[in-house]
Protein chains: 4
Amino acid sequence: MFNIPEGRKLDCIPVGRLAIDINPLVMPQTFAECNEFGKYVGGSPANTAVGLARLGARTGFIGTITDDSLGDFCLDYFKKDGIDTNGIFRAEKNIPMAVTFTEVINGKTNLMLYRDRITADMLLKPEDISEDYIASSRSVIISGTALAASPSRDAAFKILELARKHGLLIIFDVDYRAPIWSSNEEISIYYTLAARYAHIIIGSREEYDLMDCAYHKASSDEETAQRWFNEKAELIIIKHGAEGSMAYAKNGERYKIDIAPVNAVKSTGGGDAYSSAFVYGVLAGREVKNCLELATTHASLAVACNSCSDAMVDIKTLEAALAKAKSEHGELVNKF
Amino acid sequence: MFNIPEGRKLDCIPVGRLAIDINPLVMPQTFAECNEFGKYVGGSPANTAVGLARLGARTGFIGTITDDSLGDFCLDYFKKDGIDTNGIFRAEKNIPMAVTFTEVINGKTNLMLYRDRITADMLLKPEDISEDYIASSRSVIISGTALAASPSRDAAFKILELARKHGLLIIFDVDYRAPIWSSNEEISIYYTLAARYAHIIIGSREEYDLMDCAYHKASSDEETAQRWFNEKAELIIIKHGAEGSMAYAKNGERYKIDIAPVNAVKSTGGGDAYSSAFVYGVLAGREVKNCLELATTHASLAVACNSCSDAMVDIKTLEAALAKAKSEHGELVNKF
Amino acid sequence: MFNIPEGRKLDCIPVGRLAIDINPLVMPQTFAECNEFGKYVGGSPANTAVGLARLGARTGFIGTITDDSLGDFCLDYFKKDGIDTNGIFRAEKNIPMAVTFTEVINGKTNLMLYRDRITADMLLKPEDISEDYIASSRSVIISGTALAASPSRDAAFKILELARKHGLLIIFDVDYRAPIWSSNEEISIYYTLAARYAHIIIGSREEYDLMDCAYHKASSDEETAQRWFNEKAELIIIKHGAEGSMAYAKNGERYKIDIAPVNAVKSTGGGDAYSSAFVYGVLAGREVKNCLELATTHASLAVACNSCSDAMVDIKTLEAALAKAKSEHGELVNKF
Amino acid sequence: MFNIPEGRKLDCIPVGRLAIDINPLVMPQTFAECNEFGKYVGGSPANTAVGLARLGARTGFIGTITDDSLGDFCLDYFKKDGIDTNGIFRAEKNIPMAVTFTEVINGKTNLMLYRDRITADMLLKPEDISEDYIASSRSVIISGTALAASPSRDAAFKILELARKHGLLIIFDVDYRAPIWSSNEEISIYYTLAARYAHIIIGSREEYDLMDCAYHKASSDEETAQRWFNEKAELIIIKHGAEGSMAYAKNGERYKIDIAPVNAVKSTGGGDAYSSAFVYGVLAGREVKNCLELATTHASLAVACNSCSDAMVDIKTLEAALAKAKSEHGELVNKF
């Protein structure tokens, strides 16, 4: 289904935020009641990079981290997982990193994004982007967060343009985070510009509606998928929260994906696990159905874990978990 | 050559800066030696709008002006020329307008752009843009200046997207002004995103090189034209200063355009006169060769005048000037 | 009454805005109806500097101008009047100068301040301020405009502190301009910090009320004067518009100052003329009563003129005008 | 020695940052090696407030916290210690709090200040400040951090002015944090403006040198003290790191203060403990010598503890620790 270049050094380069999560060591807990916190690598594309690397993809990254002990920790964590860090830059001294505090209050996950427009990740500059680095990869994943403000926004469009020039498979993972955007119209304008480059778009129904809000009224999943098939998209994944997700392929195939049974301790990390397993499968040449099975199973593993990045598993563990889920639940992915 | 919708209320909507020029009443003079200055409507797309309206096109405008006597003057000037002002908005009180001081020092025109990123024109907001207003026009001209900063940049992309949705002829007039941009990479990134929507692109060789600088090495005119023909472009105009300009059509036609003989008192305004006459001709269904003749003649009239907006003429005057220029100079436009 | 150092190179250093006014060549006129404009040096402390120099004071200046033809013109204008320009700095390229458009609408003067917080005058930096330059002067005049934003605000406080260290006579000319301030509380806070350094404060009743608004309820002129006498003030001038002004001295003297008869063409420039003549008189060791007579006469000359800076006269002209005003009007200044 | 009003509801109002520290549960540890972190109320004036309250002073606070779970935790922590929270405000949603990560690397404490100019504490506004609240207290402590940027800077000067109006004892605790300031000149300018209000100034030798840098060359402790005695200061404390601190009184008394013996696990928190015990003693009417003994002992207790705010003790514990220190070490404070 996908036209993916071969013979390149890297399989995938996620782009965007690489930062720190401060979570209770044992979830679920509120910030107030917790007395022991853990530190974890966070940021949606960072989690996805860790997931890809552990599953076996040759993974790079493009992003900006701080020039302090938190930045050092992020870099070391990536290196331990074998992620290529040549596309990771350091912000100037005293620029802080985005820090996310996670807590669970009455069963609801509450993310406190400690960041603003001058955290390190938003300072990725177009001048940092190397055409050779992009050209060395089979695919790239743009996280919507990277589009929230310049210069990171500018750098993201440069990456998309270079990825197009060199024929990479382009995945757009919408990853909407409200506090970093100024208005819904701004979101719609830049999501639309980015989505037009993408072969695969992964987002929730709400995220597609946001993407459309400056241009189109509420759409059905079918209409959304059709609209992007008129551009470069080959596959559109639309998530519906607890009801699972839908995948629409340009070739006419449609899949309904259930959520694998799970004891969730928080709601975060599932999306990143989903993306990493799905993209891993695509790059490994697997059937779309299997890619989607791996994705939903990986997501279930992540939400059952206190961290996001630490939750990512290797392919054997993932396939064992998928087999178990299918034996207990039946098919997770069905054509319709 | 062009696919232009019919049956719409307006022929063209230029987008961007509508502001004030303070020029010596008699040019050429330096700022220091001049004791009598005139006030003129300025801004490249504003001049183009005046040109279009006087030549006979039903002209609208999208832009933001100040809530003061300068804004009032701009609005009244447009109304006198019959320009539709329903797309013109007022900035909040105390936001200044971009003001340009023009002088000629030793034969060289010196523009002093009195503006920064929070002048009124840069405050055009996506929320201001009406889909119905865009849909009421046959064509739109985006001035590159409008892309220099948000929220004007965001609004410009919304206009491009809506223009595409409603099938308008899209003209991108690069209009590079150095002081309002942060870096060449930023220029290249946003010019490229905008140019991809355009059916007609008008710029100087230097402007095309800027547009390319993040992605491509120096190109020949042929290479530049070919690259944009692979997108949506039908016609590419590349200006070469005193040596005239070149026009490349997707259907293979190529034109060399000479500058009509002129006693210039300044170098500004010529580009806006060129664009307005060329677009006028296209919308009137004239042959490309005639459009280019009108354009170069109109440019020569403008640089001989103390103002830019005041220099614009009606179609009879322009055709008379063209006839005179051809009788003195011979053909201004030649196929090659 | 005042303790003013002798034996210094300069008599006075005004501090703050040195910029351009664009006024109709003939006043009164509206912006719309005027077709011939003049350019004039403007900015309240700049006008005061010109006034001081023409009256005969050895005058310096501290401020930041643009690195363009407008800045050149300001500098040349000052040099022609013999003003010492060693304390004048150039902003970085492409930083615009504050430009003020003046018009008269239905008898009311309308100032359009074309500036924002990054015009050149607001970019005066503490690092620019030379202790030796301050120490070379007998007095300094701080314009309240210089306090509106950092770094100019920071530089103004450095100047006040150095002026105190070296025993200069310190004059605070409130010069309130609404559009450049964020809130009335901010005004009150920084005016109060600055006024505490001053030996002479010159302002309107409204300006003193603004100065007080964070700390005190509406005060009478007597209460205002008494409050500042408890700090460093020796003389407080409070203006009451068309009803003239009042002067309160710490030694108990009180003066009522009438406005000299005049055919005003605009309302601006009078305050600057007033300050320059009053401070000139003080520095020349004249009686307070005579200083106030010169001040009110100079103000009347200025409002009858199309420009502010061009309106300033020499001491012979001023004394002749004073004599004429007294012969027609009687005493302009009366003790009470 | 001090003229302190009686009969007021509160003894002291510290002003400035109330925020969160994320420290290793067990110190010393580096960020990388630590897997279990604690959350603590932090911010120098917040720690001082906790110290004052536990020692027995009736303590208020003026500052701005976030509208999230971190802000809730800070407020609850203060309430448990009986601190009056009527002067504490909430920032708008999505404004982050300053977060400080503390680690010890090779015996050296490394503070990572995760903040920039729009963290909640810098958003304290002059409009928030109630004159009645200031008037209800016997004293106020201004932390130099509050002066680093507007609007917090503006609010701090309003508090100083109101404190002067109502006769409060004013303590200026310099608390220099490099990353939040733009330049040394700016620091010197605003520290000097604030210090002029203070009856007691507490700072390190380096902090006094910074305070002077725009105006004076390097000074001895004697010169520094004398300079501020010429303003409103009654007592000047100058810290010299491991060599202890010096106190100079306007009445001529001089004290050398040694550091009480301690096993420090970090270097932070000592200054806040010192200030709280010293001010507590002054407000309780104790002899200066005893105030200084309590201060240095409290500082030693704090640096031996993993947190700053949690380290603060009650007066019995502090006096017992002082007695123990004197029995082991001899006199901690000596006149000279």
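For C:Lys335, the aspartates and glutamates whose Cα falls under 20 Å of its own Cα, not counting residues fewer than eight places away in the same chain, are C:Asp221, C:Glu222, C:Glu223, C:Glu234, C:Glu243, C:Glu253, C:Asp258, C:Glu287, C:Glu293. The orientation-averaged shadow of the Cα convex hull for region A:205-317, equal to a quarter of the hull surface, comes to 7.7 nm².
Put a plus charge on the Cβ of each Lys and Arg, a minus charge on the Cβ of each Asp and Glu, and nothing anywhere else: the dipole of region C:129-199 about its Cα centre is then about 160 debye. Kirkwood hydrodynamic radius computed over region B:127-268 comes to 15.9 Å, based on all pairs of distinct alpha carbons. What chymotrypsin sites (Phe, Trp or Tyr not before Pro) does region A:1-85 have in DSSP loop regions with at most 16 other beta carbons within 10 Å? In loop regions of region A:1-85 (DSSP not H, G, I, E or B), the sparsely surrounded chymotrypsin sites (Phe, Trp or Tyr not before Pro) are A:Phe2. Which of the three applies to the protein assembly as shown, rounded, prolate or oblate, going by the alpha-carbon gyration tensor with a ≥ b ≥ c and a/c under 1.5 meaning rounded? Oblate is the answer for the protein assembly as shown, as a/c is 1.5 or above yet b/c matches or exceeds a/b. Taking a threshold of 19 Å on the Cα-Cα distance, which of the pairs D:Lys165/D:Lys232; B:Lys158/D:Lys93; C:Lys232/D:Lys232; B:Lys108/C:Lys79 fall above it? Flagged as over cut-off: B:Lys158/D:Lys93; B:Lys108/C:Lys79. Between region B:83-134 and region D:114-151, the C-alpha centres lie 39 angstrom from each other. About its Cα centre, chain C has a charge dipole of approximately 520 debye under the convention of +1 per Lys or Arg Cβ and -1 per Asp or Glu Cβ, with nothing else charged. So the label point goes 7 Å from the Cα of B:Ala218 along Cα→C-beta, right? Which residues of region B:242-260 then have their backbone N under 18 Å from it? Answer for region B:242-260: B:242-243. Ranked by solvent-accessible area (1.4 Å probe, protein heavy atoms only, all chains present), the residues C:Lys217, D:Lys125, C:Lys324 order from largest to smallest as C:Lys217, C:Lys324, D:Lys125.
Can you check what the net charge comes to around D:Leu75, using other residues whose Cβ is under 15 Å from the Cβ of D:Leu75 (Lys, Arg +1; Asp, Glu -1)?
Residues near D:Leu75 contribute -2 overall.
Placing unit charges on the Cβ atoms of the charged side chains and taking the dipole of chain D about its Cα centre, the candidate lying farthest along the positive direction among D:Tyr208, D:Gly7, D:Ala135 is D:Gly7.
Inter-part distance, region B:191-266 to region C:7-41, computed on C-alpha centroids, equals 44 Å.
How high is the relative contact order of region A:242-336, in percent, counting Cα pairs under 8 Å that sit 6 or more residues apart?
Relative contact order of region A:242-336: 35 percent.
List the trypsin sites (Lys or Arg not before Pro) within region A:1-68 that DSSP assigns to loop and that have no more than 14 neighbouring Cβ atoms inside 10 Å. Please report the intermediate quantities before stating the final value.
Working: sites: A:Arg8, A:Lys9, A:Arg17, A:Lys39, A:Arg54, A:Arg58; in loops: A:Arg8, A:Lys9, A:Arg17, A:Arg58.
Filter output for region A:1-68: A:Lys9.
Look at the dipole of chain B built from charges on Cβ: of B:Ala249, B:Trp228, B:Val26, the Cα furthest out on the positive end belongs to B:Ala249. Run the reach check for C:Lys9 against aspartates and glutamates, Cα to Cα strictly under 15 Å, same-chain hits fewer than 8 apart removed. What comes back? Result set, ordered by chain and number: C:Asp84, C:Glu131, C:Asp132. Each stretch of four or more DSSP H residues adds -39500 (n - 2.57); spread over every residue of chain C, this sum gives -10500 deg cm²/dmol at 222 nm. Computed from label points 7 Å out along Cα-Cβ, the spacing between D:Arg8 and D:Asp132 is 1.6 nm. For region D:9-128, the antiparallel share of DSSP beta bridges with both residues in that region comes to about 60%. For trypsin sites (Lys or Arg not before Pro), the sites in region B:257-312 that DSSP calls loop and that have at most 16 other Cβ atoms within 10 Å are B:Arg286. Sorted largest first, the spans of the alpha carbon positions of region C:118-210 along the three principal axes are 34, 29, 16 Å.
Taking a Cβ cut-off of under 9 Å around B:Tyr176, the surrounding Lys, Arg, Asp and Glu residues balance to a net charge of -2, with basic ones at +1 and acidic ones at -1.
Shape class of chain B from the Cα gyration tensor (axes a ≥ b ≥ c, square roots of the eigenvalues): rounded, since a/c falls below 1.5. Ordering A:Pro179, A:Leu168, A:Thr119 by the projection of their Cα atoms onto the charge dipole of chain A, which places +1 on the Cβ of Lys and Arg and -1 on the Cβ of Asp and Glu, puts A:Leu168 at the extreme positive end. Entry note, chain C: relative contact order of 18 percent, from Cα contacts under 8 Å with a spacing of 6+ residues. When Rg and Dmax are taken over the Cα atoms of region A:7-162, they come to 15.8, 52 Å. Across peptide A:179-189, the average count of Cβ atoms from other chains found within 10 Å of a residue's Cβ is 5.
Measuring nothing but how far apart in sequence close Cα pairs (under 8 Å, 6+ apart) lie, relative to its length, region D:103-227 scores a relative contact order of 21 percent. Charges were assigned to the Cβ only: +1 to each Lys and Arg, -1 to each Asp and Glu. The resulting dipole of the protein assembly as shown about its Cα centre is roughly 0 debye. Does region B:35-98 classify as rounded, prolate or oblate by the C-alpha gyration tensor (a ≥ b ≥ c root eigenvalues; a/c under 1.5 gives rounded; else a/b over b/c gives prolate, otherwise oblate)? Oblate. Take every DSSP beta bridge whose two residues both sit in region A:86-178; close to 60 percent of them are antiparallel. Spherically averaged projected area of the convex hull of Cα atoms, region D:245-290: 3.8 nm².
What range in chain C is the longest one free of GluC sites (Glu not before Pro) that are in a loop by DSSP and have at most 14 other Cβ atoms within 10 angstrom? Longest site-free region, per DSSP loop and neighbour criteria: C:93-230.
The values are calculated or read from the model by the stated rules, or taken from the named source; none is laboratory data. A quick note: this is a predicted structure, and the numbers were derived from the prediction, not measured. No Cβ is skipped: glycine too gets one built from the backbone with ideal geometry, and neighbour counts run over all protein chains shown. When the accessible area is computed, the model is the full protein with side chains, heavy atoms only, and any ligands, DNA or RNA have been set aside. Shrake-Rupley method; radii C 1.70, N 1.55, O 1.52, S 1.80 Å.
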